[in-house]
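J.: After the structure tokens below, expect a handful of questions from me.
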Amino acid sequence: MRLSSDFSEIKIKLKFDAGAVAPNFQADFNMPPTALMLVAIRSQDGKRTPKMMKWGLIPHWAKDDKIQYSTHNARSEEFTSKPAFRDVWRRGQRCLLVTNGF
């Protein structure tokens, strides 16, 4: 994945909360799994907020973070049935990865 846009452009396009602090990220043309990525999340009060998060899912039952390498490339039909995704999907723990290319 890649992210080459300026944050001011991203903030306008994704309608981030005006009071949200700009995260510290740099344009990158080759972001691998496990890299820190810019994501959009919903805050407690429902506002869209930017945040830097690690790309990949570590299931609650994992003993270490090595399992995340197998969870970064899931199929959409697996979200409701696979144990690694099922619980977080039900709880509504979702985010939008901000990219402008693959």
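J.: Using R₀ = 22 Å, calculate the FRET efficiency as 1/(1 + (r/R₀)^6) where r is the Cβ-Cβ separation of LEU36 and HIS60; round to 0.05. All intermediate terms of the calculation are to be shown ahead of the outcome.
T.: On the way: r = 21 Å, r/R0 = 0.96.
Plugging the Cβ-Cβ distance into 1/(1 + (r/R0)^6) gives 0.55.
J.: Here's something else I'd like to know. State the Kirkwood hydrodynamic radius of the chain in Å, one decimal place, computed from all pairs of distinct Cα atoms.
T.: Details: mean 1/r = 0.0674 Å⁻¹.
Radius from the Kirkwood sum: 14.8 Å.
J.: Using the heavy atoms of the protein chains and a 1.4 angstrom probe, tell me the accessible area per residue for the chain in square angstrom.
T.: Details: 7260 Å² over 102 residues.
Heavy-atom accessible area per residue stands at 71 Å².
J.: Here is a follow-up. In the chain, what percent of the accessible surface is made up of carbon and sulfur (1.4 Å probe, ligands and nucleic acids excluded)? All intermediate terms of the calculation are to be shown ahead of the outcome.
T.: Details: 3760 of 7260 Å².
About 52 percent, which is the carbon plus sulfur part of the accessible surface.
J.: If you don't mind, another one. Quick check on my link table: of LYS47/LYS82; LYS13/LYS63; LYS15/LYS54, which ones sit more than 32 Å apart, alpha carbon to alpha carbon?
T.: Values: LYS47/LYS82 30 Å; LYS13/LYS63 38 Å; LYS15/LYS54 22 Å.
From LYS47/LYS82; LYS13/LYS63; LYS15/LYS54, over 32 Å: LYS13/LYS63.
J.: Now a separate question. At a threshold of 8 angstrom on Cα-Cα distance, excluding pairs fewer than six apart, so keeping six or more, what relative contact order does the chain reach in percent?
T.: Values: 135 pairs, mean separation 32.5, N = 102.
Relative contact order for the chain comes out at 32 percent.
J.: Next question. In the calculated pair distance distribution of region 1-47, what percentage of Cα-Cα distances lie above 16 Å?
T.: Working: 459 of 1081 pairs.
Beyond 16 Å sits 42 percent of the P(r) for region 1-47.
J.: Just add up the charged neighbours of GLN26: K/R +1, D/E -1, any other residue whose Cβ is under 12 Å from the Cβ of GLN26.
T.: Numbers: positive: ARG2; negative: ASP6, ASP28.
Net local charge, GLN26 excluded: -1.
J.: Using a Gaussian network for the chain with springs between C-alpha atoms less than 10 Å apart, which of these wobbles most: LYS11, LYS54, LYS63?
T.: Per the Cα network of the chain with a 10 Å cutoff, LYS63 tops the list.
The values are calculated or read from the model by the stated rules, or taken from the named source; none is laboratory data. If you're wondering where the values come from, they're calculated on a predicted model, not measured in any experiment. No Cβ is skipped: glycine too gets one built from the backbone with ideal geometry, and neighbour counts run over all protein chains shown. Heads up: the accessible areas ignore ligands, DNA and RNA and are worked out on the full protein's heavy atoms, side chains in. Shrake-Rupley method; radii C 1.70, N 1.55, O 1.52, S 1.80 Å.
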